[in-house]
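> First, the structure itself, so that you have it in front of you.
The values are calculated or read from the model by the stated rules, or taken from the named source; none is laboratory data. Just so it is clear, the structure is predicted and the values come from calculations on it, not from any experiment. Every residue, glycine among them, receives a Cβ derived from its backbone with ideal geometry; neighbour counts consider all protein chains shown. Remember, those area values only see protein heavy atoms, side chains included, never the ligands or the DNA or RNA. Shrake-Rupley method; radii C 1.70, N 1.55, O 1.52, S 1.80 Å.
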Amino acid sequence: ERVEILLGRLAGTMALMTLVLLALTAAGLLYIIRGVSPDAADESLKAREPLFGIIAFKNTTSEAKGDNVGREWEYRGYISGPTQGPTGLVTPQAVWTYPTVPAYLGSRDKVQAEFTFDIYRTTKGFENRGVGIGLVMTTRNYDAEELRKAREKNPGLSPDQIAADHGYFQPAGSVTFFDYSTGSVEVPGGLFANAQKGDPQKPALTVTVTCKESTQYVGMARYDFYFRADDARVGAQPLRFAGNFFLASFALWLRLLLVISVTLVMSTELSTVISLLMGMVLMMLAHVQEFVRELVEGKSAGGGPLENIKRIIDNSVAAKPLEDTALNTLIQQSDKVVRELLGGLARFLPEVDRLAYYPEYVGNGFAIGGGDLAGNAIVTIFYILPWLLLGYHLLRWREVAGPT
């Protein structure tokens, strides 16, 4: 049967590539674990389960993005130290809100909070000294007046008691962190137990970060601060890291399945070399889908593909409009046709970027979500099914040699 020919080729090729991938994954894992230093193991040889909040900025130029310090990569927003405003001293803040927090965190003695902020220095500062930040955590049950009265009544209240009874925690002193390193703070589990009480319409937990140094800026994004849903006290976790490593390898297996399925279908009508080249072009375009969409929508700098080629030949800048000549008009009109063709092609491009970022999770020591990976696997399989159906019909339209 023709369907057996198609599926047999796919199963045989994938079985061979699966064995190769398993061998390479095992060898790579052994190489990493064997050669990693103890400090690196404590930092990355684990599978963190982060609990992320929603970030917003206060007393900055933008509530969504904070202050802009002029860096080209605008992933992080920045806050400065206290500044003098028209009405007095103003303190910029970055605030993370957690609508809910897991109840099991309240049963722990300590929960670790980790952060990887960025430093933008306006002065040299001090050698081998980080930047100080203020860190305050409050639950929806926090009442400043009630806490003040409780402290007056009992000055010996411990931070754990305050966190459990009043929903407030602030680390003793200023928290110092360094660029390109992960800082951490141990938070009483009672704070999360307190967050389970109260009005569920209010955010369960709020984390406020401020910069303590007036001549420095601290940069942060949503995923730069998180609580560890897993137990952070166990240190390096080689077994959890190994499982995470194989999950990333499974994402690579899905990409292999995608490439092999598409090129296999093309090979039912095209030669092997042409099928390979067509598959390579399809995957390359899939990796630059955002740029392709900008071309299709006419948002790319310098106009369409043909217009950009002419600009390269003429050595003209992208912002300068083309002269009103017959050749330039022909080029711009031709670009409209090219955009339509690219728009049709873009509809067939796979979402390979969904499977490309998992190695970064493993390298930074974060657990790959099983639900996220399963969802991407389903999307990949549903993308492949129409290709296999096309391959089946292409084979039906061809003559296939009989057994004799």
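> Place the peptides 187-196, 151-160, 374-383 in order of packing, highest mean first, counting for every residue the other Cβ atoms within 10 Å and averaging per peptide.
187-196, 374-383, 151-160
> When the convex hull of the C-alpha atoms of segment 42-188 is computed, what volume per residue in Å³ does it have?
Given the Cα convex hull of segment 42-188, per-residue volume reads 179 Å³.
> Right, another one. For a test of the definition: using alpha carbon positions, the gyration tensor, and the 1.5 limit on a/c, classify segment 102-144 as rounded, prolate or oblate.
Here segment 102-144 falls in the prolate category.
> Further question on the same structure: Mean separation of Cα pairs under 8 Å and 6+ residues apart, divided by the residue count of the chain: what relative contact order is that in percent?
22
> Rolling a 1.4 angstrom probe over the protein chains, ignoring ligands and nucleic acids, what is the accessible area of V317 in square angstrom, nearest 10?
Rounded to the nearest 10, that gives 90 Å².
> Just how much of L342 is accessible, in Å², when a 1.4 Å probe is used and the result is rounded to the nearest 10?
30
> Per residue, what volume in Å³ does the convex hull of the Cα atoms of segment 221-265 enclose?
112
> Give, rounded to the nearest 20 debye, the magnitude of the charge dipole that the chain has about its Cα centre when Lys and Arg contribute +1 at Cβ and Asp and Glu contribute -1 at Cβ.
With only Lys, Arg, Asp and Glu charged at Cβ, the dipole is about 280 debye.
> Taking Cα centroids, how far is segment 333-390 from segment 1-53 in Å?
19
> If you count only protein heavy atoms with a 1.4 Å probe, what accessible area per residue comes out for the chain, rounded to a whole Å²?
57
> A further question follows. What angle, in degrees between 0 and 90 and rounded to the nearest 10, separates the Cα long axis of helix 272-287 from the longest principal axis of the Cα atoms of the chain?
Roughly 30 degrees, rounded to the nearest 10.
> Order these peptides, 206-217, 131-142, 231-242, by their mean beta-carbon neighbour count within 10 angstrom, highest first.
The most tightly packed comes first, giving 131-142, 206-217, 231-242.
> By the gyration tensor of its Cα atoms, with a ≥ b ≥ c the square roots of the eigenvalues, what is the shape of segment 110-252: rounded for a/c under 1.5, prolate for a/b over b/c, or oblate?
oblate
> May I ask you to rank K202, K65, K124 by accessible area, largest first, using a 1.4 Å probe over the protein chains only?
Sorted by accessible area, descending: K124, K65, K202.
> Hey, what's the per residue convex hull volume over the C-alpha atoms of the chain, in cubic angstrom?
Spread over its residues, the Cα hull of the chain gives 244 Å³ apiece.
> Lys and Arg at +1, Asp and Glu at -1: add these up for the other residues within a Cβ distance under 13 Å of A204 and post the number.
Counting the neighbours of A204, the net charge comes to +2.
> Per q in 0.15, 0.17 Å⁻¹, report the Debye log10 I(q)/I(0) for segment 165-317, using one uniform scatterer on each alpha carbon and no solvent.
Taking Cα atoms of segment 165-317 as identical point scatterers yields -1.03, -1.11.
> Taking every Cα atom in segment 276-390, find the radius of gyration and the maximum pairwise distance Dmax, and write them in Å.
18.9, 58
> Could you tell me what percent of the accessible area of the chain is made up of carbon and sulfur, with a 1.4 Å probe and every protein chain present?
Of the solvent-accessible surface of the chain, carbon and sulfur hold 60 percent.
> Where does the Debye-calculated log10 I(q)/I(0) of segment 26-125 sit at q = 0.15, 0.21, 0.24 Å⁻¹, using only Cα point scatterers of equal weight, no solvent?
Result of the Debye calculation: -0.92, -1.13, -1.26.
> Quote the FRET efficiency, to the nearest 0.05, computed for Y104 versus E186 with a Förster distance R0 of 25 Å and r equal to the Cβ-Cβ distance.
0.90
> Taking the Cα centre as origin and putting +1 on Lys and Arg beta-carbons and -1 on Asp and Glu beta-carbons, what dipole magnitude results for segment 91-162, to the nearest 20 debye?
140
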